[in-house]
Amino acid sequence: YNSYKLSPWYHSILHQINEEGLYKHKEIVIKSKSEVDSFFEDYLGGMIKSLKKNGYVIEDESSNDIPKVLIGRNGDLIKSGNGCHRLAIIQEFNLKCEYPIQIIGIHKKLNINGINANILDLSQVDSFIVSKFGKHISKN
């Protein structure tokens, strides 16, 4: 995360501050380049350190804190909804930790072992997810 100044997100925040005078992330209001640097170093840096040390911690199991994802045409995770920063950090830095996901959709052209996923039963899709991403626990 030491190269955050090269990231598109960093530059888009700076651009928004130049255009609108501020950038807001959740309850954090950022108005200057030094505040952007602190945001990346402290907030995101802290998140990275926490993920490495503790894995993905859910504060409230009933909240929307679990990342919602789609399974793309090639079987990749596409983030959509809450928890995306942590999921993006895990993917970007290839962190080895368990994290929950809620699958909200599967691309209609996804093929699993040459068969369209739409005609497979749920257990076959679940087996694919386990083989591709590791441990999976279905909650009904």
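The values are calculated or read from the model by the stated rules, or taken from the named source; none is laboratory data. Model, not experiment: these values are computed from the prediction. Cβ: placed from backbone, ideal geometry, glycine included. Neighbour counts: every protein chain shown. For the accessible areas, the whole protein counts, side chains as well, though only heavy atoms, and no ligand, DNA or RNA atoms are used. Shrake-Rupley method; radii C 1.70, N 1.55, O 1.52, S 1.80 Å.
The table below gives the values:
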read-out	value
Residue tally, condition of a type in the set (S, T, N, Q), under 25 Å from Ile58 (Cβ atoms) and surrounded by 11 or more Cβ atoms within 10 Å (Cβ to Cβ), over the range 84-126	2
Every pair of residues 6+ apart whose Cβ atoms lie under 9 Å, when the first sits in the range 113-129 and is free of Cβ contacts under 8 Å to residues at least 12 places away in the same chain while the second is small (Gly, Ala, Ser) and loosely packed, with under 14 Cβ neighbours inside 10 Å	Leu122/Ser138
Helices (runs of 4 or more DSSP H) enclosed by the range 2-71 - at least 3 residues per element that are open to solvent by less than 50 Å² (accessible area, probe 1.4 Å) and not charged (D, E, K, R)	8-20, 45-54
Any hit, the range 10-29, residues being touching a residue at least 60 places away in the same chain (Cβ under 8 Å) and either among the polar types (S, T, N, Q) or under 17 Å from Glu92 (Cβ atoms) (or both)	no
First in the range 87-102 and hydroxyl-bearing (Ser, Thr, Tyr), second anywhere and part of a loop (DSSP other than H, G, I, E, B), Cβ under 7 Å, 6 or more apart	Tyr99/Gly55; Tyr99/Tyr56
Selected residue (criterion: nearest to Cys97 (Cα to Cα)) from residues of the range 11-52 that are within 19 Å of the chain's Cα centre (by Cα) and of a type in the set (Gly, Ala, Ser)	Ser50
